[in-house]
Each structure stands twice: as C-alpha cells, then as structure tokens.
C-alpha cells in the first residue's frame, strides 16, 4: 500500500485509506477477521496458563463454535469486533454471503453503540480470495442498509498490493447512490 491517504465521501461518513501502521484518527472499534473457534485473531504469543491443565482441557472440550456470518464483540479500547467469516472445516474456509452478513452485523453494532469510528480490514484478504472491488461493494451495500450516521469515519485497511482504484470504486458507489455528491 502506498503511504498517504485517499478519502471518499459517503452520505454522512468519511472513508480513509491509510497504511496499517498510520491510523488517520482515533478508532472506536476495530474489526478482525475470524473463524468459528476464534483462532485466526488470537495473539501468537504463548502465555503461561492461569488454570491447571485438566481445567483447560475441560474448558476447551466444552467450547462451541461461533456461527459463520456472526460478529463477536470483545470489550476493550478500542472495542474489538470479530467478524466470523471462516469455518476451518470447510473448503474454501469462507463464503461471500458470510462476509456480507458479518458486514451487516458490524454496521448494526456500530449504529447500536453509536460508534464514531471504525477500522475495517478487507475481510478474507489474509485467509481468502474475495476480490477487493467486490469487498468494497459489499461494504457499501451493508452500510446503506444500516443507519447511515454511524460510524462517522471508517478507516479502510487494505492489503499492501491493493491499488488505489478501490477508492474510485467507493466514490462511484457513493455517486450512484447520491448524484448530488459530485
């Protein structure tokens, strides 16, 4: 990804495209790509367990998978929204309708919690192959269905090799929805 920013207007929302390490504003919630057992976003650092091995095994055996297309909310600052778009028992591990449903859930939570800002990675960019233009279309569709006033700002985290035409796609989608935005 190139250094710098591109912005696209959407009714009542500003979108920013920045490198992963250069947050353009304070983020109220960050979205993470996740699988049904919440393994993909787990920290790779090994920590000494606070529980005995038998207790850990009993807890692990009782763990139920989260349904694909759901969003798990984890407390913290920023809030973490785990978008369950993968099932590691399936091939491929993701489906477009799971991504679309998770995006609907993300924007619903953003409206419900009146989140001012959101960091949104391109879901399936690391562990799948959804085309970037298609992802942008799914995001725009999900946001149109939600309350348009929240979030007010979206940081679109795109993979390094993504070209700038995605912001043009976002602008075109915004203009097709509201021709007065030109």
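Computed quantities for the displayed model
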{"quantity": "Qualifying residue in segment 41-54 (condition: surrounded by 21 or more Cβ atoms within 10 Å (Cβ to Cβ), within 26 Å of residue 24 (Cβ to Cβ) and out of contact with any strand residue (DSSP E or B) (no Cβ under 7 Å at 6 or more places or on another chain))", "calculated": "no"}
{"quantity": "Only listed residue being assigned to a strand (DSSP E or B), modelled with pLDDT under 95 and either closer than 22 Å to residue 128 by Cβ or more than 15 Å from the chain's Cα centre (by Cα) (or both), chosen from 77, 20, 14", "calculated": "14"}
{"quantity": "Residue satisfying condition, being part of a helix (DSSP H, G or I), touching a strand residue (DSSP E or B) at 6+ places or on another chain (Cβ under 7 Å) and within 17 Å of residue 145 (Cβ to Cβ), within set 83, 101, 110", "calculated": "110"}
{"quantity": "Filter result for residue 123 (part of a loop (DSSP other than H, G, I, E, B) and in contact with a strand residue (DSSP E or B) (Cβ under 7 Å, 6 or more places away or on another chain))", "calculated": "yes"}
{"quantity": "Residue within segment 38-47 that is modelled with pLDDT of 80 or more, part of a loop (DSSP other than H, G, I, E, B), under 14 Å from the mean Cα position of the chain (by Cα) and farther than 15 Å from residue 142 by Cα present", "calculated": "yes"}
{"quantity": "Among (1) assigned to a loop (DSSP other than H, G, I, E, B); (2) surrounded by 15 or more Cβ atoms within 10 Å (Cβ to Cβ); (3) at pLDDT 80 or above - the single one residue 33 does not satisfy", "calculated": "(1)"}
{"quantity": "Leading residue by the ranking (surrounded by the fewest Cβ atoms within 10 Å (Cβ to Cβ)) among those in segment 72-85 that are in contact with a helix residue (DSSP H, G or I) (Cβ under 8 Å, 6 or more places away or on another chain) and either over 20 Å from residue 155 (Cα atoms) or in contact (Cβ under 8 Å) with a residue 40 or more places away in the chain (or both)", "calculated": "81"}
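The values are calculated or read from the model by the stated rules, or taken from the named source; none is laboratory data. Please read these numbers as outputs of a predicted model, since none were measured by experiment. Neighbour counts are summed over all protein chains in view; Cβ atoms, including those assigned to glycine, are modelled from backbone coordinates with ideal geometry.
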